[in-house]
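Novice: This is the structure I have questions about; it appears just below.
Just so it is clear, none of the values below were taken in a lab; they were calculated from the coordinates. Just so it is clear, the structure is predicted and the values come from calculations on it, not from any experiment. Here the Cβ is made from the backbone with ideal geometry for all residues, glycine too, and neighbour counts use every protein chain on show.
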Amino acid sequence: MMAQEHHPSPTGHAAIPTEPIGSIPRPPHLIERVAQVRQVGQVPQGDSDDPALAPAYEEAIRDTIERFEAAGSPVVTDGEQKKYDCFATYAVHGLPNTAPDGFAIAFSDGHTRRLARLTRGPFRYRRYADGFLDVAMRYAHVPVKQAVISPSALSLMYPADGIAGYSRDQFIDDLLREHETEIRRCLNKGAHKVQVDFTEGRLAVKLDPSGHLLNSFIDLNNLALSQFSPEDRRRIGVHTCPGNDFRASHSADVDYAELLPSLFELKAGNFYIALAGEPDRRHVLRIIRKYRKPDQRIFVGVIAPGDPRIETAEDVRDRVMEASEFLPIDHLGTTDDCGFSPFFDNTSTSRDTAFAKIQARVRGTALAANLLGAQP
Ligand SMILES: [Zn+2]
């Protein structure tokens with residue numbers, strides 16, 4: 001289905017759009033099947049290209065979209081069921097020119113997740129996310145959005161001591177071309193939105209409080225975004241969050257005041273900002289109000305995926321009403337703070353809980369839209 005415009009309501013206000021971030025916990029039987037295949041040593045290790053696993057992946061996607069639609073979600077994703085082994089590595093998993101000992105992301109509970117390290121050039125994606133979109137759009141009756149990983153995250157694959165015969169500049173050229181190709185393929189296939197996952201933005205401030213690393217990430221991502229027309233950018237978004245894995249984060253202690261002024265320099269029309277889990281939402285909303293560009297729509301996080309408590313529709317309504325004090329309704333949207341399972345093997349949240357929270361987001365956004373005179 002092609003992207004749909006939001007129609008003004010009889011009262012003149014545009015609707016308040018609501019969208020998921022992307023990931024839904026994989027069904028336990030899919031995780032078990034992938035683990036079995038890995039145990040017997042078959043290649044390519046249970047990833048989404050493994051023909052033996054195709055029926056299990058297909059069933060997971062079908063069920064995910066059915067449950068999204070049952071929850072009333074006006075925009076759905078495939079739940080990132082085929083993103084193996086996570087939101088950041090799906091495009092490069094299984095590349096022969098990588099080693100497993102790459103950049104490590106440290107989480108607040110002490111566990112780490114590692115990226116692969118590039119061992120030689122040239123750098124190419126192994127798969128583009130529009131392949132996931134193809135499958136999802138076969139099942140969906142409503143618009144489908146697609147998340148892709150940022151170039152700045154994948155730039156961490158290039159080793160600090162360089163690669164003989166393949167300079168960092170060559171790598172960056174290849175990386176930006178692959179990323180731009182991926183976004184264009186998703187847009188051309190009719191993705192409702194293409195969301196660039198930029199969780200490493202807030203992490204960059206933690207790693208380098210001077211802001212230099214963050215600004216280098218912003219510049220890099222803008223090299224790609226500047227290739228798109230203003231019309232394309234209205235369908236391109238950026239997601240920021242403090243990381244979400246096993247109820248832990250990697251950069252929640254970084255004040256949004258250090259991130260958001262730079263974030264809004266990104267040439268994108270939509271921003272998906274984790275907010276529900278913040279200790280002082282009004283502080284964050286004040287910063288957003290101050291630095292948001294006039295044409296940027298802000299999807300505020302109204303659901304905390306890592307919180308085992310299921311929010312009520314009234315909780316969500318109140319959070320939207322709060323955000324509406326700081327942002328014009330026609331540039332406001334709602335989302336979840338993050339995906340519910342950005343990493344493949346994470347079952348700390350059940351599918352039932354994830355969809356109950358999504359239903360609360362949809363209903364609560366509609367309640368607030370009613371109060372604000374916008375069409376739900
Ligand atoms: Zn996130």
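Novice: Give me the strands (runs of 3 or more DSSP E) completely within segment 180-284, filtered to those with at least 2 residues that are within 29 Å of A160 (Cβ to Cβ) and of a type in the set (D, E), ordered by residue number.
Specialist: Fully inside segment 180-284 and qualifying: nothing.
Novice: Let me ask something else. Scan segment 101-146 residue by residue and report those that are of a type in the set (A, V, I, L, M, F, W, C), touching a helix residue (DSSP H, G or I) at 6+ places or on another chain (Cβ under 7 Å) and part of a loop (DSSP other than H, G, I, E, B).
Specialist: Within segment 101-146, F123, A129, A140, V142 meet the criteria.
Novice: Kindly provide the set of residues from segment 61-86 that are closer than 13 Å to F344 by Cβ and buried (at least 24 other Cβ atoms within 10 Å of the Cβ), ordered by number.
Specialist: Of everything in segment 61-86, those that are closer than 13 Å to F344 by Cβ and buried (at least 24 other Cβ atoms within 10 Å of the Cβ) turn out to be G79, E80, Q81, K82, K83, Y84.
Novice: For segment 285-302, what are the residues that are surrounded by 14 or more Cβ atoms within 10 Å (Cβ to Cβ) and not in a strand (DSSP E or B)?
Specialist: Those that are surrounded by 14 or more Cβ atoms within 10 Å (Cβ to Cβ) and not in a strand (DSSP E or B): L285, R286, I287, I288, R289, Y291, R292, Q296.
Novice: Next question, about the same structure. Only residues that are surrounded by fewer than 19 Cβ atoms within 10 Å (Cβ to Cβ) and outside any loop (DSSP other than H, G, I, E, B): list them for segment 147-175, please.
Specialist: Matches in segment 147-175: I163, Y166, R168, D169, Q170, I172, D173, D174.
Novice: Does R351 satisfy being basic (K, R), within 21 Å of the chain's Cα centre (by Cα) and closer than 29 Å to D109 by Cβ?
Specialist: Answer is yes for this residue.
Novice: Within the bounds of segment 213-226, is there any residue that is among the acidic types (D, E), more than 22 Å from D336 (Cα to Cα) and surrounded by fewer than 24 Cβ atoms within 10 Å (Cβ to Cβ)?
Specialist: Within segment 213-226, one or more residues are among the acidic types (D, E), more than 22 Å from D336 (Cα to Cα) and surrounded by fewer than 24 Cβ atoms within 10 Å (Cβ to Cβ).
Novice: For segment 73-100: of the residues being touching a Phe, Trp or Tyr at 6+ places or on another chain (Cβ under 9 Å) and assigned to a strand (DSSP E or B), which is farthest from the ligand (Cβ to nearest atom)?
Specialist: Checking each candidate, the answer is V76.
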